[in-house]
Amino acid sequence: MKSASPLFSAAFVALLGAATVAFAQGPAHHHEAPPPTNLQVLPKTLTGEQVHEIMHKWAAALGTECTTCHAEDATRKMPNGRPMLNFADDSKPEKSTARLMVRMVGDINSNYIGKLESGGEPVSCATCHRGHLEPPPFVAPPDHDHDHPAPAAPTNLSGSTGR
C-alpha cells in the first residue's frame, strides 16, 4: 500500500480523535493487549492498548462485537474457555470491509470535509451506522414548511413559444 498523504493523515487523526482522547483519559477497564501486528490502515506506531480502545469505539459505533471482523483461534483458549481471537488473521471478509470503510472515512474527511471553508464536522463510523452493523436507511422528515409553497412547475417544457 502506498504511503498516506498528509491530508489523509490529518483526517485519520480526526477520525481517531474520540478513541484516542478516551484512551488518553484512561480506558474504562485495563486490558493488556499484545503489540499489534498486520496493521494496514491504523498507524503502526500504536500500542496494543491503543488499538484495543480504537476497536472498542468502532465496535460501539457499529453495534457489533470483535468476532464480526476477527477470526477465532481454536488452538488457543482464554481463561473462561472461549477461543482467543487471531487479530492478525485476514480470513473474514468483514475485516477487509472495515479497512475499506476506514479509508473511505479518511478520504471523506481529508478531501471533502477538510476542504470546506466552514471547517465542517469530521465524519466517523457512527455518522452513518449509528450503532448498527448495517447503516439504517435514511428517512427524510416530512416537509413542515407550509408557509412557502413549492415552486410552480414550468408550463412550457418543449421550448416552443406556442405561437
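The values are calculated or read from the model by the stated rules, or taken from the named source; none is laboratory data. Keep in mind it's a predicted model, so treat the numbers as computed, not measured. Methodologically, a virtual Cβ is constructed for each residue, glycine included, from the backbone with ideal geometry; neighbour enumeration extends over all protein chains shown.
Side notes on the structure shown:
- Taking the criterion of being touching a helix residue (DSSP H, G or I) at 6+ places or on another chain (Cβ under 9 Å) and among the small types (G, A, S), the residues of region 36-80 that qualify are A59, A60, A61, G63, A71.
- Whether a residue is part of a helix (DSSP H, G or I), under 14 Å from the mean Cα position of the chain (by Cα), modelled with pLDDT of 95 or more and loosely packed, with under 14 Cβ neighbours inside 10 Å was assessed, and M55 does not pass this test.
- Once region 58-93 is narrowed to residues that are polar (S, T, N, Q) and modelled with pLDDT of 95 or more, the residue that is nearest to P35 (Cα to Cα) is N86.
- Of the set (1) surrounded by 16 or more Cβ atoms within 10 Å (Cβ to Cβ); (2) modelled with pLDDT of 95 or more; (3) within 19 Å of the chain's Cα centre (by Cα); (4) of a type outside the set (K, R), all apply to S96 but (1).
- Candidate set from region 109-125 (those that are of a type in the set (A, V, I, L, M, F, W, C) and within 17 Å of L62 (Cβ to Cβ)); member that is surrounded by the fewest Cβ atoms within 10 Å (Cβ to Cβ): V123
Rundown of residues vs (1) assigned to a loop (DSSP other than H, G, I, E, B); (2) within 11 Å of the chain's Cα centre (by Cα); (3) of a type in the set (K, R); (4) at pLDDT below 95, yes/no style:
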| residue | (1), (2), (3), (4) |
| --- | --- |
| V105 | no, yes, no, no |
| G114 | no, no, no, yes |
| S118 | yes, no, no, yes |
| E121 | yes, no, no, yes |
| A126 | no, yes, no, no |
| H132 | yes, no, no, no |
| A140 | yes, no, no, yes |
| D143 | yes, no, no, yes |
| H146 | yes, no, no, yes |
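- Within region 58-88, restricting attention to residues that are touching a His at 6+ places or on another chain (Cβ under 7 Å) and in a loop (DSSP other than H, G, I, E, B), the residue that is surrounded by the fewest Cβ atoms within 10 Å (Cβ to Cβ) is G63.
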